[in-house]
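Remarks on the structure that follows.
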């Protein structure tokens, strides 16, 4: 095998576009997920954890085989049973597949939220990784403008819950089948007149999936798209009434939004309401989240013919935006330090007592006392409890507040029997 040929001594490498999370970064991730989960629970959503590996057909059928995600970005391979499997590139398809497989659509509505790793083979760049993390939720079985507005409000509440408020909501309607059929004809006619100026990729999209041309980030394509027919002019009567109601409800929610006529999202399953979340401050300017309604996805995967709506927020992208305001929350940790090896067993007994009382603590017993104190400081301990022969003889401990600027109160002698209550009160 190839890895056996790697020279001894060569440093191990992480896979390009896949990064480790630790320290400040892992704290930011935990902070975001915990805040988002509380928001979801407030709105009645429960967690679901789906596998990171699905049969490839799940994504071909749901996302669309002409989308960039399926055609260029998926990690797909044959397993040992010669089955084609794919590392999930997004969360909705797997959640809907689970709803169908577990027959959850027999008792509607279904309200589920998820958080986990997604994988796309794309050129790594700022805010775009090959392994990335998303939080999302899906509300299935309740097609109503109220549900659409509430879903957008949940996304807004999630972003605000972490203390970030500099963002805007872009909305559009993709309408129903009648709308998309008429609009597709109109943009094919328009783009065909400018085909020689389109990028090579957009010329391919024009033949296979014309709406994807509107999703192009190519500068020349964007200029051509700016003059294209707008989807709003082709909405069916029912779709227009539906979208107008969604917008009215967003205003009732006091959510500032902008209608973006060329917002189509990157996946084929969307219909009616679509939205994106864009930051308005900071160095990162790409979308940090988005979602929309899907009318046929459950039926495509073998479930009931019911509608759903959801969104996903890119946690890695949010973490970039948090650099300016995130304050790492340090848990108050206690170091239990024997002065010498002779006090190890007494110190270890106290350490066990602290753990039994659910107090974050470290047992530091190797090296000199000076080295132990340096280790306690490096581990972020706020308090050191020192046990030497004098302390043990007098049934006391010496408590040192590591970061105190008050010299008089920096070190205290406390009776061993009182130490738990003392720590709870200080």
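No lab work stands behind these numbers, since they all come straight from the coordinates. Everything quoted here is computed from the prediction, not taken from an experiment. No Cβ is skipped: glycine too gets one built from the backbone with ideal geometry, and neighbour counts run over all protein chains shown.
Just a few scattered comments:
- FRET efficiency for the residue 144 to residue 203 pair, using the beta carbon distance and R₀ = 45 Å, is estimated at 0.70.
- Normalised by residue number, the volume inside the convex hull of the Cα atoms of the range 96-255 is 176 Å³ per residue.
- Cβ crowding within 10 Å ranks 22, 270, 121 as 22, 121, 270, fewest other Cβ atoms first.
- For the range 333-425, the convex hull spanned by the alpha carbon atoms encloses 91 Å³ per residue.
- C-alpha long axis of helix 177-193 to longest principal axis of the chain, angle in °: 80 degrees
- With the biggest extent put first, the Cα atoms of the range 289-349 measure 72, 35, 13 Å across the principal axes.
- In terms of other Cβ atoms within 10 Å, 112, 301 run from fewest to most in the order 301, 112.
- Nearest-ten-degree value, helix 344-356 long axis tilted from longest Cα axis of the chain: 40 degrees
- Helix 24-42 and the longest principal axis of the C-alpha atoms of the chain enclose an angle of approximately 60°.
- CD proxy at 222 nm, helix term only [per DSSP H run n ≥ 4: -39500 (n - 2.57); per residue of the chain; nearest 500]: -10500 deg cm²/dmol
- Computed from Cα atoms alone, the Kirkwood hydrodynamic radius reported for the chain is 25.3 Å.
- Ordered by the count of other Cβ atoms within 10 Å of each Cβ, fewest first, 11, 232, 18 give 11, 18, 232.
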